[in-house]
Amino acid sequence: MSQQQNSYVELPRIKRKSNSWEGKVIDYLLNHPSNRSATEFAIEAITAFWLAEALEGQVNQPELQKACWSAIEKLEAKLATIRRIGGIEKLLPDYTTVLSPSPSTVNPTTKTNENSREFSNDLHLSTDEDEDDEDDEDDVDWIVDIKPSEEMKQISRLFGIE
């Protein structure tokens, strides 16, 4: 007969300079109007962000999917709040990105359907047979001139990329 003991794990205390972004976040959580504990806010954020990786290979597939959906819902809700506070519109999938082909490599492709505005993530496997295809006159059809949307330009400016 095995006895199950309660065991705990602990995250050490977090200390940051009060004038840093992280310090301002900690101060905000410590003085949150809801009077909810900063620890609860922190564990909620950490769990949503890292749950999928923490459970991968540790639980069965249905439980993993349930956990992933829970994390996705929380993160998407937080993204909506961040966009609202920052006055940032939702990123629209109005672009196509294709990585350049090379023999025997996987080339992730992100495409959008003009009508449905849904993403399809297709993986295309380049093989040596592709290289020998003499019927293909459009060997450069993978080149795409990407024009960043206004939102992408804003994000680039926010991160100092121009």
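Please treat every number below as a calculation from the coordinates, not as lab data. If you're wondering where the values come from, they're calculated on a predicted model, not measured in any experiment. As a convention, Cβ positions derive from the backbone with ideal geometry for all residues, glycine included, and neighbour counts pool all protein chains shown.
I'm checking my understanding of the structure. Among residues of the range 15-31 that are of a type in the set (A, V, I, L, M, F, W, C) and exposed (fewer than 12 other Cβ atoms within 10 Å of the Cβ), which one is nearest to the chain's Cα centre (by Cα)? Steps first, please.
Keep residues of the range 15-31 that are of a type in the set (A, V, I, L, M, F, W, C), which gives 21, 25-26, 29-30.
From what is left, the residues that are exposed (fewer than 12 other Cβ atoms within 10 Å of the Cβ) are 21, 30.
Values: TRP21: 21, LEU30: 27 Å.
The qualifying residue nearest to the chain's Cα centre (by Cα) is TRP21.
Can you tell me which residues in the range 32-88 are among the β-branched types (Val, Ile, Thr), over 20 Å from the mean Cα position of the chain (by Cα) and part of a helix (DSSP H, G or I)?
The one that is among the β-branched types (Val, Ile, Thr), over 20 Å from the mean Cα position of the chain (by Cα) and part of a helix (DSSP H, G or I): THR39.
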